[in-house]
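Let me begin by presenting the structure, written as C-alpha cells, before commenting on it.
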Amino acid sequence: MEQLETMEYYVLQTQDILNSVYKNKEQTDKLAQVYMDGNYRNIKIIASGSSGNGSWCAKYIMEKYLGVDVTVINPYTFAYYPVLCDDDFVFVVSQSGYSKNALDALDLLKKLNRKAIALTGDLKSDIKDHAEVVIDYVDEEKEGYVTKGVTTLTLFLIKLTFAILEKQGKAVDTAWFDGYCENYTSMQKENFVREEAFLEKFKKNFLSMENMYAAGCGPCEGVAKEAALKIGETVKVVSCAYELEEYIHGPNLQLSPKHNVFIIDAQDETSDRSYQIYRASRAVSDRVYYITNKEYDDDHVLTLLNPCADTVSLTYLQVFQLFAYRISKELRSIPKHPLFEEFKKIVNSKTITYED
C-alpha cells in the first residue's frame, strides 16, 4: 500500500473504517432519535457529488426496510425549488463541510423553521456555523477525490435505518449486515486482488478510453453514478451513468466498437436483464464489462465476492475507485487543464476557507 494519502490509500483504509463505523452506534442512534422526536415519516437527503451518490446507494435499502419514501435531492435544486411536507425528515450531507450548495440548503431549512441537520466528515468546517445538529460519519480525507467517505456514508445510512427500526420497536433481521461487516476486510482483500488482475488484463483498453458508460439499477444506480463521477474527474474523459433500462432507451444508440461500458449486476430479480444488456452491448464493443458475484465463462466478467443484494454498493464502489486511481496515475491525468484556473476565478463550489 502506498503511504502517500492518495485515492488508493483511502480506498484501502475503508476496510478499517467500516469496521469502526459498524461498531459505533452513538452517531446513528443520535440521528435516529431526532427522527423519532420529530414524529417524521418520509426522508429527504440533500446531497450532491459523491455524497449524493452514496445516498443513492443506500436509498433503496432504506426504503425496503423502513417502508417510507427516501428522496435524494441536489442541494442547489432544493435551495431554489424546495418542496417539503410536515412529516419529512430532512438532512444535508457534505463530506468536506465547505460546499456552498449544502450550506445554502441548511440556511434555507432554518428560514423555513425546520431543524438544520448536517452530516459531515469535518466537524471543524464551515458547516458547523450553519447547522443545529452536526454529525460526523467519517474522518477527513485530504485527497479531494473522496473514496472511503462514499462507502462509509452508504454504511452509515443503512445503520441509521436499523437504528430507527430499533427505536420504533420493530424487529428486523440484521444477520446479513452483521456478517458482511465482520467479514468485510478479508472479503475485500480478495476482491482487491481480482480487481487488480482484471485491470491488468484490460490495461490497454482502459488506458485508451475516450468515454465511459456505467449502468445499474437499485443500489447499483448509485454505484454507476459514482463510477461516472470518479472516472470523469480523474481520467478526464466523458463519463455517463444511467439506470439500467434507461441505458437502452437512447444512450445505447451511440454504441460503437470504441465505447467503454460497465454493466453492474444488482444481484436480484434484475440480474437476468442486466446480463442480457451486457451481452447485447458486448456484441457491439469489446470494451464492455460485467460486474457480478456470479461465475461466467467470459473474461470480460469481473466476478467478486458479495453475499447479497443489499450489500452490492458497499462491495462494488471500490472497483471504480481503484480503477479511477490506477488509470489516472498511469496517464498522469489528475492535474486539471491550465485554463481551469480561469473557471475558478468566476465560480467555485466551495467556500473561501476551503483548502484545495
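The values are calculated or read from the model by the stated rules, or taken from the named source; none is laboratory data. Computed from a predicted structure; not experimentally measured. When we count neighbours, we look across all protein chains shown, and the Cβ atoms used for this are built from the backbone with ideal geometry, even at glycine. SASA here: full protein model, heavy atoms, side chains in, ligands and nucleic acids out. Shrake-Rupley method; radii C 1.70, N 1.55, O 1.52, S 1.80 Å.
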| message | I'm trying to understand the selection: among the residues of the stretch 23-47, which are surrounded by fewer than 21 Cβ atoms within 10 Å (Cβ to Cβ) and either among the β-branched types (Val, Ile, Thr) or out of contact with any Phe, Trp or Tyr (no Cβ under 8 Å at 6 or more places or on another chain) (or both)? | response | 23, 24, 25, 26, 29, 30, 33, 34, 36, 37, 39
| request: Please find, among 160, 155, 165, the residue that is at pLDDT below 95, over 17 Å from residue 96 (Cβ atoms), assigned to a helix (DSSP H, G or I) and not hydroxyl-bearing (Ser, Thr, Tyr). | output: 155
| Inside the stretch 152-177, can you point out the residues that are open to solvent by 10 Å² or more (accessible area, probe 1.4 Å), touching a helix residue (DSSP H, G or I) at 6+ places or on another chain (Cβ under 8 Å) and not aliphatic (A, V, I, L, M)? | 159, 162, 166, 167, 168, 174, 176
| Tabulated pairs, the stretch 21-43, first farther than 16 Å from residue 168 by Cβ, second in a loop (DSSP other than H, G, I, E, B), C-beta under 8 angstrom, 6+ apart or interchain | 21/137; 21/138; 27/137
| task | Filter the stretch 241-287 for residues that are hydrophobic (A, V, I, L, M, F, W, C) and farther than 18 Å from residue 208 by Cβ and give the result. | result | 241, 244, 248, 253, 263, 264, 266, 277, 280, 283
| task | Consider residue 336 carefully, then state whether it is without any contact (Cβ under 8 Å) to a residue 24 or more places away in the chain, outside any helix (DSSP H, G or I) and surrounded by fewer than 21 Cβ atoms within 10 Å (Cβ to Cβ). | result | yes
| query | Is there a residue being open to solvent by 60 Å² or more (accessible area, probe 1.4 Å), in contact with a Ser or Thr (Cβ under 9 Å, 6 or more places away or on another chain), assigned to a helix (DSSP H, G or I) and not aromatic (Phe, Trp, Tyr) anywhere in the stretch 306-325? | reply | no
